[in-house]
Amino acid sequence: METVVSGIRPTGNLHLGNYFGAVKSFLRMQDEYNCFFFIADWHSLTTHPHPDNIRNSVKTILSEYLACGIDPEKATIYIQSDVPEVVELYLYLNMNAGIGELMRTASFKDKARQQLHISREGCEGDVEKEIFNEGNKHSVSAGLLTYPTLMAADIIIHKALKVPVGKDQENMEMARRFARRFNSTYGVDFFPEPASFHLGDKSVKVPGLDGSGKMGKSEGNAIYLIDDEKTIKKKVMKAVSDAGPTEPNSVKPEPIANLFTMMEIVSEKETYDFFNEKYNNCEIRYGDMKKQLAEDINKFCAPIRERILDMAANTEYLDKVARMGAEKARESASKTLNEVRQIIGFRPY
Ligand code: TYM
């Protein structure tokens, strides 16, 4: 059976982007593959080095994984920091990862820019220059720089082939590269090359409803699975729209295209077609469309929301799931790590 690995950082509640970009695939895959789904708590330290309460944040994601339907009997659900083998592999991968290639990754530049408070418009070279500025020398961490090697270690520690992630995950190419590099450095054919996986024929990007870009926790535009009906309605009614098209079959401007993309994701096809036709005939009333969208999002979230509350209250069960997952994940990880140690020339444990 092929192995699947994916993780989510515990930096807040799960939102619709996480669900439709990743968790929906997890649910399909858990029946057919050897799945490892984890909570990337070490990764969250790259942007939240002093988390308020990391145990609680992890518990939140664990409850939400289970509430969405990830089944601990089918998939191994674990907390990244329960599997120390990952760190040792991360160290080996870092020995063969170039500072230059890590600094050039788009997600590093983006996050470094945020941490240095440089606007996106700043020219390319600015990030690198600023990082080395005397006043900034502690601002951007080596942890952030090596995010892609830790992510690669997460994946290849279980020799995964498929990684279900949303469209925003640019680091997958690095994971493939580091797997290949290990093999070529040590002259082995040990790690398979993992590939991103998505349901359907293209990867998903759930848009924000605030005009442009994706939905995200740090973008401040997320609709969370745990949001109640009133909150969902408030968020959706606030979505950016315009005065409507004046020519039939006009191209949709980005904020409008985003509204439609969201509707395509959560609503019935007939609902989408109905509003799309209204748009094409210049008869669209965005107020009606948003009301319908809010209703459909609520219909989708309501049962998950209820299960989240039940799960979160059952601390004993959550502990049991985490313990069981840690054991299974460590078994798989230590098997790989023992072989890695021997390939490099160290004694196996
Ligand atoms: P994180 O926590 O940022 O996101 C978790 C998952 O949610 C997806 N996602 C989206 N998909 C579509 N549209 C959106 N608006 C949207 N927002 C989030 C992400 O693509 C992701 O699949 N680097 C990872 C965590 C990680 C990981 C790994 C993933 C660490 N190690 C190993 C896979 C394998 C991350 O940033 O997750």
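What do you reckon, is residue 76 within 13 Å of the ligand (Cβ to nearest atom) and of a type in the set (Ser, Thr, Tyr)? In short, no.
Considering only residues in segment 175-212 that are among the β-branched types (Val, Ile, Thr) and within 12 Å of the ligand (Cβ to nearest atom), the one that is nearest to residue 152 (Cα to Cα) turns out to be 204. Taking the listed residues 107, 57, 44, the one that is without any contact (Cβ under 8 Å) to a residue 60 or more places away in the chain and within 27 Å of residue 181 (Cα to Cα) is 44, with no other qualifying. For segment 135-148, check the following and say yes or no: at least one residue is of a type in the set (A, V, I, L, M), within 28 Å of residue 326 (Cβ to Cβ) and assigned to a loop (DSSP other than H, G, I, E, B). For segment 135-148, residues of a type in the set (A, V, I, L, M), within 28 Å of residue 326 (Cβ to Cβ) and assigned to a loop (DSSP other than H, G, I, E, B): absent.
Here is the figure for segment 1-22: residues that are assigned to a loop (DSSP other than H, G, I, E, B), small (Gly, Ala, Ser) and crowded, with 20+ Cβ neighbours inside 10 Å total 0. The single condition from (1) out of contact with any strand residue (DSSP E or B) (no Cβ under 7 Å at 6 or more places or on another chain); (2) in a helix (DSSP H, G or I) that residue 189 fails is (2).
Among the residues making up segment 66-97, those that are outside any loop (DSSP other than H, G, I, E, B) and of a type in the set (S, T, N, Q) are 76, 80, 81, 94. Return the residue satisfying two criteria in turn: it lies in segment 151-178 and is of a type in the set (Asp, Glu) and part of a helix (DSSP H, G or I), and of such residues it is modelled with the highest pLDDT. Among those residues, the one meeting the criterion is 154. Here the condition is being more than 24 Å from the chain's Cα centre (by Cα), among the small types (Gly, Ala, Ser) and under 20 Å from residue 211 (Cα atoms); of 294, 243, 257, it holds for 243 alone.
From the list 34, 96, the lone residue that is more than 14 Å from the ligand (Cβ to nearest atom), more than 19 Å from the chain's Cα centre (by Cα) and either more than 23 Å from residue 157 (Cα to Cα) or buried (at least 19 other Cβ atoms within 10 Å of the Cβ) (or both) is 34. For segment 213-238, the tally of residues that are surrounded by 14 or more Cβ atoms within 10 Å (Cβ to Cβ) and away from the ligand (no atom under 15 Å from the Cβ) stands at 8.
Is there a residue being on the phi < 0 side of the Ramachandran plot and in contact with a Leu (Cβ under 7 Å, 6 or more places away or on another chain) anywhere in segment 168-176? Scanning segment 168-176 turns up no residue that is on the phi < 0 side of the Ramachandran plot and in contact with a Leu (Cβ under 7 Å, 6 or more places away or on another chain).
Are any of the residues in segment 5-27 more than 26 Å from residue 115 (Cα to Cα) and away from the ligand (no atom under 13 Å from the Cβ)? Yes: segment 5-27 contains one or more residues that are more than 26 Å from residue 115 (Cα to Cα) and away from the ligand (no atom under 13 Å from the Cβ). Residue count for segment 144-155 under the criterion of being more than 10 Å from the ligand (Cβ to nearest atom) and surrounded by 22 or more Cβ atoms within 10 Å (Cβ to Cβ): the result is 1.
To keep it simple, each residue is scored yes or no on (1) farther than 21 Å from residue 19 by Cα; (2) among the polar types (S, T, N, Q).
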residue	(1), (2)
169	no, yes
180	yes, no
192	yes, no
205	no, no
215	no, no
218	no, yes
221	no, yes
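A search for C-beta distances below 8 Å between a residue of segment 28-40 that is free of Cβ contacts under 8 Å to residues at least 60 places away in the same chain and within 18 Å of residue 14 (Cα to Cα) and any residue that is in a strand (DSSP E or B) and near the ligand (Cβ under 9 Å from one of its atoms), counting only pairs 6+ apart in sequence or on different chains, returns 37/5; 37/6; 37/7; 39/7; 39/8.
The values are calculated or read from the model by the stated rules, or taken from the named source; none is laboratory data. All values reported here derive from a predicted model rather than from experimental measurement. Glycine gets a Cβ as well: all are built from the backbone with ideal geometry, and neighbour counts include every protein chain shown.
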